[in-house]
Amino acid sequence: MNILITGGAGFIGSHLSEKIIALGHRVICIDNFNDYYDPAIKENNINGILDNENYRLYRADILDKQAIREIFSTSSIDLVIHLAARAGVRPSLANAVLYEKVNVEGTINLLESCREHGVDKFIFASSSSVYGGNEKTPFSEDDRVDSPVSPYAATKKSGELICYTYHHLYNISVFAYRFFTVYGPRQRPEMAIHKFSRKILDGEPIEVYGDGTSSRDYTYIDDIITGIANSLECIDGYEVINLGNSKPIRLLKLIGFIEETVGKKSIIDFRDPQPGDVFTTYADTRKARKMINFSPETPIEKGIGHFIKWYKKKKKEGIFNG
């Protein structure tokens, strides 16, 4: 298949591109290499596949309708995997307009090109953040998600709704995956495991918002990639599917795992809870297990070990200056 991946030079996108090429498919990557974090990190992410004959890179923005149309016109696309987004809960509070524009309008642009060019299979990267302050655990796809607590979460829920509309009107099959705190090599620098690891290694204080008892369902990148890859041949209808590890870890316990891995104690600076943050995330993955044989295999201790090893290697290479 010819598979278009938006945000394909990012954390999840670069891993997914490598996997799809390894499976014998061709990847058409769109990424705008914006400055949300150092673009050199994305450049490094795709170094290993940039010259592969089954990989084609377009340095384009999903908001550029003309560029998107040209890519669709010149590529025989079988499936779109839409990962590109303005990410992050806390930054979305400061710039809701930008998040709406990229995450909602950008998604519509892609779906419009799918409609115009007869592309009838679409994967949408949603987020566990759509569950908001849901107190029922684990979070199920059948739970109501009408109360997002951040602009980022609202845009992801909007994306799911827009995808359903295009499925209903134009028979585009969509799998919307709600990712639960994905981590591992190439994770974005502002994400907790990356930031905590960096600061502990450098002897700097780490900020903990709240009392450290909040928890997240940390899911290792390889498990996420395997889940997506398992579904490439079976996208049919409209489905919302959780992809998580189903083993929430409290924040202070996570920090303890990092301390054990790096052999160094942290300096914790406790702060007030942040608006937009949720107390816990916890994925019910029964649907994913049934539909795409999803079975996460990486425990948090092992995953953190993989990340720290990668981070130290890349820091020695000068990828990270901090």
Of S215, S147, S126, the one that fluctuates the most in a GNM where the chain has Cα springs shorter than 10 Å: S147
Between the helical axis of 151-170 and the dominant principal axis of the chain, each derived from Cα atoms, what acute angle in degrees is found, rounded to the nearest 10? 20
In angstroms, what radius of gyration and Dmax does the range 279-322 have, counting Cα atoms only? 16.1, 44
Treating cross-link reach as a plain straight distance, find the lysines whose alpha-carbon is under 19 Å from the alpha-carbon of K195, omitting any fewer than eight places away in the same chain. K42, K253, K264, K265, K302, K309, K312, K313, K314, K315, K316
If the cut-off is 16 Å between C-alpha atoms, which lysines fall inside it for K101, apart from same-chain ones fewer than 8 positions away? K65, K156, K157
Would you please calculate the Kirkwood hydrodynamic radius of the range 190-322 over all C-alpha pairs and express it in Å, rounded to one decimal? 16.4
Rg/Rg_ref, the chain, where Rg_ref = 2.2 N^0.38 Å and atoms are Cα: 0.96
Most fluctuating of I255, I292, I268 in the GNM of the chain (C-alpha, under 10 Å) is I268
Starting from the exponent 0.38 and prefactor 2.2 Å, build the expected Rg for the range 1-114 from its residue count and divide its actual Cα Rg by it. 1.04
Where in the chain lies the longest segment free of trypsin sites (Lys or Arg not before Pro) that are both loop residues by DSSP (not H, G, I, E, B) and have at most 16 other Cβ atoms within 10 Å? 145-263
To one decimal place, what Kirkwood hydrodynamic radius in Å is obtained for the range 216-268 from all pairs of distinct Cα atoms? 13.7
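Each reported figure results from applying straightforward, stated rules to the coordinates on display, with no laboratory input. Just so we're clear, the structure is a prediction, and the values are computed from it rather than from any experiment. Note that we place each Cβ from the backbone using ideal geometry, even for glycine, and neighbour counts take in every protein chain shown.
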